[in-house]
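The values are calculated or read from the model by the stated rules, or taken from the named source; none is laboratory data. Treat the numbers as computed from the prediction; the structure is a model and nothing was measured. Note that each Cβ is placed from the backbone with ideal geometry, even for glycine, and that neighbours are counted across all protein chains shown. Ligands, DNA and RNA are excluded from the accessible area calculation, which covers all protein heavy atoms including side chains. Shrake-Rupley method; radii C 1.70, N 1.55, O 1.52, S 1.80 Å.
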Amino acid sequence: MYIVFSLVTLAVFLFCVCAGSVSVPVKDTVTIIVNSLLGLPIPEGMSKFIIWFVRLPRVICVALTGAALSICGAAMQGLLRNPLADGSTLGVTSGASIGAVLAIAFGITLPGLSGGGTMLMAIAFAFFSLIFILALAYRLDYSLSTNTIILIGVVFNMFAHSIVSLIITFAGEHVKSIMFWTMGSLSGASYANVLTLLIAFVICSTVILCYSRELNAFAIGEDNARNIGVNVKRVKLIIMIAVSALIGVCVSIGGTIGFVGLVIPHMTRMVTGPNHKRLLPASIFSGAVFLMLADLLSRVVLNPVELPIGVVTSFVGSITFVYIFYSSRKGR
Amino acid sequence: MTVLEIRNLSVKYGSLTILDDVSFSVGGKQWVMIIGPNGAGKSTIVNAISRGAPYTGEIYFNGTDIKACKSTELARRFGILMQSSSVGYSFTVEEIVRLGRYAYSKGILSNSSKEDDYKVERALEMTGLVHLRGQSILTLSGGERQRAFLAQILAQDPELLILDEPTNHLDLVYQKQTFELINEWIENSGRSVVSVVHDLSLAKAYGTHALLLNRGRLVADGPTDEVLTRENLKSVYDMDVYGWMSDMLSQWQVD
């Protein structure tokens, strides 16, 4: 199964690097990538700049973001035993948004690191949101039950949206860039972004994958997990931290990209079943493929105008989700 | 030999006292029935033992305070079956039963051992679920689903089974099957069971010992016949339980 997933992902990856406003043949694309990696000269007439400096980092970032959001969604849906949950249910995405919007509005930067201020603020606010939500949930409910966390997440999301709106009101000349960022875009992705995403993805997704058996237990029920010997509080905390860190990094680089974490694990589960040993790796591949295709659509559908990727994912995702929800209800 | 010893167990939610200073012990090869009216605190005892509710007092298993036990260590000692609940995703019966071996895994990446496979097979056989092993839990009847979770805790191979209303919402056939199965487990393993039950007939038929609770307090504790007396039940249920049960059963007598 994983061989098929890998081949499909690779094929879509190559297709997305080749296709766009300027189409580049597959052979030329492969030559440019291989020669650049090996430090060999690029044959004349081949557009190295478009492939190597524009499309390649962008498509890698898109694939990593899709994979990251998807595995985070799958993990949250298992942990909270709720197919409607994803990273945003925790309020982490909204929390990260506050940090990123603050950084853009007030021009917070890190010397020598482009976009470093936005990234740092997004990650910091994602963590603060998590700590705030968990502390509040713990005070209200000793057992940190999933219902309490989801309810607090919903309320926190509303609160965060009001804060973001307030910042936008006073953002002055930054309004346009904030609005574009909130709709989600990876159009300016660089190799620095690729490296950051790759490090965060490898660390956090490894942690999540290591807890696939515990996620199975949570997906059956939190009481069941406790009774078979899972250290419920510790595992819940570790997975939430991994998810919030990964989402924080994704949000800081690509903005808020909705529906990936919600719809993709849901669709993948239809193929692999609910066992997280299969679901999590499959979600990585399917999330990457979905977001690469969504990004391609955003580039070509209104060419030369580029749509924010968040608009495409929300549009496609919401229709797909309504269809899945309707089909499953109708089948009952 | 005392397997489980509970001393001065109290559970409070805010200012509300759910369990008040309850003490009892469970010996080897006993089946202790926890009985009492709604709100007596029966399920709260199970929640406290499973560390799902904050409590004061002490719970000892074979002389060790369970507060000092790791989660996996506790799972190897207690197999806890909660009241039947909804399952969100379509796991197969075997996947659910296999999770019962979680407490025995050596590490995050360890595969299942031969012993794990044997215990899972044995649990599936005991509960008559071998032919349903690959079926989704969502497609099973309530009785089959409850048997799947019973198979999970049997695969867990615990020293003590703790069952919270194991036959709640099940029809008579499944009630009989489940209680017979647990009885057989006690006979074969020589281990003990604590179960919360509403049905006093089942408690009387299968229990070796009983705890009678009312409003969070322990009213009587001892061998089933000594606890389920006419006077004890009348004081707890505010009605002549014996008279009513006898009257009900007389309806079934053939002339």
Positive end of the charge dipole of the range A:209-332 (Lys, Arg +1 and Asp, Glu -1 on Cβ, about the Cα centre): tell me which of A:294, A:314, A:326 has its Cα farthest that way. A:326
Rel. contact order, % - alpha carbon contacts under 8 angstrom, at least six apart, chain B: 26
Over all directions, how big on average is the projection of the convex hull of the alpha-carbon atoms in the range A:146-259, in square nanometres? 8.7
Relative to the longest principal Cα axis of chain B, at what angle does helix B:114-126 sit, 0 to 90 degrees, rounded to 10? 40
Starting from a Cα-only point model with no solvent, please compute log10 I(q)/I(0) by Debye for the range B:89-158 at q = 0.29 1/Å. -1.30
How large is the dipole of the range B:89-158 about the Cα centre if only Lys and Arg carry +1 and Asp and Glu carry -1, each at its Cβ, rounded to the nearest 20 debye? 100
How large a share of the accessible area of the range B:89-158, in percent, is made up of carbon and sulfur atoms when the probe is 1.4 Å and the other protein chains stay in place? 52
Mind checking the per residue accessible area of the protein assembly as shown for me, 1.4 Å probe, whole number of Å²? 45
Got a number for carbon plus sulfur as a percent of chain A's accessible area, 1.4 Å probe? 72
In straight Cα distance, which lysines are under 18 Å from residue A:48, not counting same-chain residues fewer than 8 positions off? A:27
With +1 assigned to the C-beta of every Lys and Arg and -1 to the C-beta of every Asp and Glu, and no other charges, what is the dipole magnitude of the range A:2-312 about the Cα centre in debye, to the nearest 20? 480
Give the ranking of A:183, B:33 by solvent-accessible surface, highest area first, calculated with a 1.4 Å probe. A:183, B:33
Links that overshoot a 28 Å alpha carbon limit, given the list B:42/B:114; A:233/A:277; A:236/B:70: B:42/B:114
Taking θ as phi - 60°, what are the ³J(HN,Hα) couplings along the range B:221-237 by the Karplus curve (6.51, -1.76, 1.60), each to the nearest whole Hz, with x for Gly and Pro? 8, x, x, 3, 5, 7, 8, 7, 8, 4, 5, 4, 5, 5, 5, 8, 8
Heavy-atom SASA rank of B:173, B:22, A:289 (probe 1.4 Å, accessible area, largest first): B:173, A:289, B:22
Computed D for the protein assembly as shown, Stokes-Einstein, Kirkwood radius over alpha-carbon pairs, 37 °C, 0.692 mPa s, to the nearest µm² per second, is 122
Helix A:116-140 against the longest principal axis of chain A: what's the angle in degrees, Cα atoms only, rounded to the nearest 10? 10
Calculated from DSSP helices alone, with each H run of at least 4 adding -39500 (n - 2.57) and the total divided by the residues of chain B, [θ]222 nm to the nearest 500 comes to -10500 deg cm²/dmol
Kirkwood Rh for chain A from C-alpha pairs, in Å, is 20.4
